[in-house]
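The values are calculated or read from the model by the stated rules, or taken from the named source; none is laboratory data. None of these values were measured; they are calculated from a predicted model. A quick note on method: Cβ atoms are made from the backbone with ideal geometry, for glycine too, and the neighbour counts reach across all protein chains shown. To get the accessible areas, we keep the full protein, side chains included, count just its heavy atoms, and leave off ligands, DNA and RNA. Shrake-Rupley method; radii C 1.70, N 1.55, O 1.52, S 1.80 Å.
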Amino acid sequence: MMKSVKLYLLFFFLICFIRPVSAQDAVIIEDGNFVRGTIQGTDFSTVQIRLDDQSVAAYKAKDIKEFLWNGNTYVSKPVVIKKRMEIRFFKAEELGTVNLYSMGEDASAEATEPTRSRVRPAVGLGLGTGGYGSGVGVGGGLSFDLGRRQGNSSRKGSGKAIYYIERPGAGPIQALPLDGGSDAKTSQIKAILLQKLSNDEDLAERINATESFDAKSIKAYVNAYNAMHK
């Protein structure tokens with residue numbers, strides 16, 4: 001009898017508590033104001049999310065703070081595109097004293113045509129977002145073309161990710177030229193890393209001794225620096 005009661009209580013718990021939180025994706029409009037659902041895709045300018053009523057809502061990067069997708073955080077930040085300041089989504093790779101972001105790769109997953117829907121932001125589950133801000137300016141040296149996508153047809157990632165590094169309060173985000181292995185680009189990456197990951201002689205020695213950089217090594221350096229400079 002007691003065994004049957006325990007099984008019933010377990011079944012009741014699974015129904016009442018696990019099912020309501022099955023959707024892990026979320027769009028954070030601002031702290032404490034968000035909507036949950038299933039992210040359908042992003043082109044780094046707009047994100048689409050399927051809501052519980054199966055309608056699809058679209059949010060522009062300039063209108064929200066960030067979104068959570070498959071356990072990853074994408075933050076809205078300003079960037080110069082064709083000499084114009086615009087807001088785009090950047091995937092957070094490493095966060096701390098120094099932040100590392102990426103844009104590109106396979107994040108532009110298939111996206112469906114959004115239907116008109118009335119979105120009712122939910123308030124309060126206390127999603128901790130780390131206090132990102134979109135007011136960090138980007139200097140005139142950073143400029144690239146993301147390309148134009150027409151309509152809302154299905155789309156996929158467009159190749160390798162572009163990586164950016166930022167030390168909040170110490171200048172704008174900077175692109176890391178990881179798309180080639182030339183000596184000039186390697187020297188440029190070293191200069192950027194030594195500037196952002198400052199006041200660490202041991203790490204500086206390892207950076208200077210590195211002959212080439214890739215995404216994995218960049219993440220390792222930023223992660224090690226953040227672990228030592230909290």
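Annotation: of all residues in segment 48-77 being farther than 27 Å from Leu95 by Cβ and not in a strand (DSSP E or B), the one that is most open to solvent (accessible area, probe 1.4 Å) is Asp52.
Across segment 81-101, the number of residues qualifying as modelled with pLDDT under 95 and open to solvent by less than 20 Å² (accessible area, probe 1.4 Å) comes to 1.
Being open to solvent by 20 Å² or more (accessible area, probe 1.4 Å) and either within 12 Å of Leu176 (Cβ to Cβ) or hydroxyl-bearing (Ser, Thr, Tyr) (or both) is the filter here, so list the residues in segment 211-227 that pass it. Passing the criteria: Ser212, Phe213, Asp214, Ala215, Ser217, Lys219, Tyr221. Taken over segment 203-230, residues that are part of a helix (DSSP H, G or I), of a type outside the set (Lys, Arg) and in contact with a helix residue (DSSP H, G or I) (Cβ under 9 Å, 6 or more places away or on another chain) amount to 10.
Going through (1) open to solvent by 40 Å² or more (accessible area, probe 1.4 Å); (2) modelled with pLDDT of 85 or more one by one, Leu127 falls short only on (2).
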